[in-house]
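Below is one structure; the comments refer to it alone.
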Amino acid sequence: MSLLNLQSFHVLSQQEHESHLEITVENLFKPQACPHCGFTQLYSHDKTEQIFFDMPMQGKPLVLKTQRVRYKCRSCGKTFREPLADIDGKRLMTTRLKEYIQKRSMSDTFAVVARETGLDEKTIRHVFDDYVAEKSKEMPFETPRVLGIDELKLVGSYRCILTNIEKCSVFDMLPSRKKADVMKHLKSLKNPEKVEIVTMDMWLPYRDTVKQILPDAVIVIDKFHIVATASKCLEKACKGIRSQLEKKERIKKNDRFVLLKRRHSLTDKEVIKLQQWSARFPDLGLAYDAKEAFYCLFDQGLDSKAAEQALIDWQRGLSPQIAHYFEALTTALSNWMPEILNGFVFDYEITNAYTESINRYAKDVQRMGRGYSFNVVRAKMLYNAEANKPTTSTIRKKKRKPIEEAPVFYLMLDNLTGSASQKQKYRTEIIEEKRYYGAHIPTLCELLEKGEFD
Ligand SMILES: [Zn+2]
């Protein structure tokens, strides 16, 4: 026991092999009664040799070998294997190894953990999946009122990320942005009626899915997504115009950031720069003005009717020589007009903190993931303790509990006499319940920058 430090096993012998250590053990906790009928007279029926993996020791994988006894009950005649207190029944390894794998696979790849423990990668993955399932039961995230559906690139592919806009948190991450994946997830939402508003990227499969699964939710294309499209169009214009120029005339790459800035935040120097460019390349000036005009539409507090008119006017006002650069935006306007206008009607707030942190997160998270599978990255993000702190709240509920029961004799008396004391007396107890809303995005960004997930 001292060598292994496991209470239920007694060490009989040990052997060192090239690849691993092997310790032969004996189970100390003998069963007292039959699990089927509770009878206490048992006899040993037979023994089989079994092997269980344990935590690595002296840098080598460790296996425990034991002769496991099968008992037969003298009363019901059924047989059963002796229970082993330190062994995880599902995975045929010690419970502490299971916990060790769960912890290690959060900070190292499955391949490394497999090598360390002598198990194969598949087993490591299964143990990890069990852990994720446990966590999701332990911290069930509340369904958001305002659900964000976004995407980001992670471990080589586009993934769908679901957010709780009001809590500024990650609600879930899906392996892809394919309709089937999104559909499956939305179908499994707890209390889907809680979702009142869904904001999304302009990606048709998202809209189709939400309309089908959450028909009562209002779909909103948030300002943040639509104006981002305007910026992309301006970048396209900039690239197009650059490619027509001689090399020495070309706009420097860094200078493109000036174009993406809003007019009111340009420095004096940048204003001059912009004027010079516009004089030399009139199309670039026009494209900048078109982008600015578009952004301004969203700053004026217009109602939906006025907004619709303003968007149509903006589109009509586009100069023909730059219109093709803005095609992505004009297409978006014709495909998504009702959802864009919903953004002018429905009252909810996407804070700057949210848009900034989700953009930062999308960039930061790309750097990680080397060697990790998507599922690991997802679990690390969703269940990170630090990131869940700001979004977890404790609800205090009053619960009425009957004061200790009166002895049966008095109850009977009361029944006979119809006494007033029949009324139960209650006391109020305060019960605390935790509510989880997902991983706080700004905290995740901080942790990513500190290298916590590397
Ligand atoms: Zn029995």
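The values are calculated or read from the model by the stated rules, or taken from the named source; none is laboratory data. Worth saying up front: this structure is predicted, and the values here are computed from it rather than measured. Don't worry about glycine lacking a Cβ; one is built from the backbone with ideal geometry, like all the others, and counts go over all protein chains shown. Only protein heavy atoms, including side chains, enter the accessible area calculation; ligands, DNA and RNA are left aside. Shrake-Rupley method; radii C 1.70, N 1.55, O 1.52, S 1.80 Å.
Structure above, values below:
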{"read-out": "1 or more residues open to solvent by less than 50 Å² (accessible area, probe 1.4 Å) and among the acidic types (D, E): qualifying strands (runs of 3 or more DSSP E) within region 126-205", "value": "146-154, 169-174"}
{"read-out": "Criterion violated by T117 - all others in (1) touching a Leu at 6+ places or on another chain (Cβ under 8 Å); (2) free of Cβ contacts under 8 Å to residues at least 24 places away in the same chain satisfied", "value": "(2)"}
{"read-out": "Pair list, Cβ under 7 Å, 6 or more apart: region 11-37 residue free of Cβ contacts under 8 Å to residues at least 24 places away in the same chain, other residue away from the ligand (no atom under 16 Å from the Cβ) and open to solvent by 90 Å² or more (accessible area, probe 1.4 Å)", "value": "V11/M1"}
{"read-out": "Scan of region 31-65 for residues that are away from the ligand (no atom under 13 Å from the Cβ) and over 22 Å from I101 (Cα atoms), ordered by number", "value": "S44, D46, K47, T48, E49"}
{"read-out": "Residue count for region 10-53, restricted to those that are under 20 Å from T117 (Cα atoms) and under 41 Å from the mean Cα position of the chain (by Cα)", "value": "9"}
{"read-out": "Residue in region 333-355 that is farthest from I197 (Cα to Cα), counting only those that are surrounded by fewer than 20 Cβ atoms within 10 Å (Cβ to Cβ) and among the small types (G, A, S)", "value": "S334"}
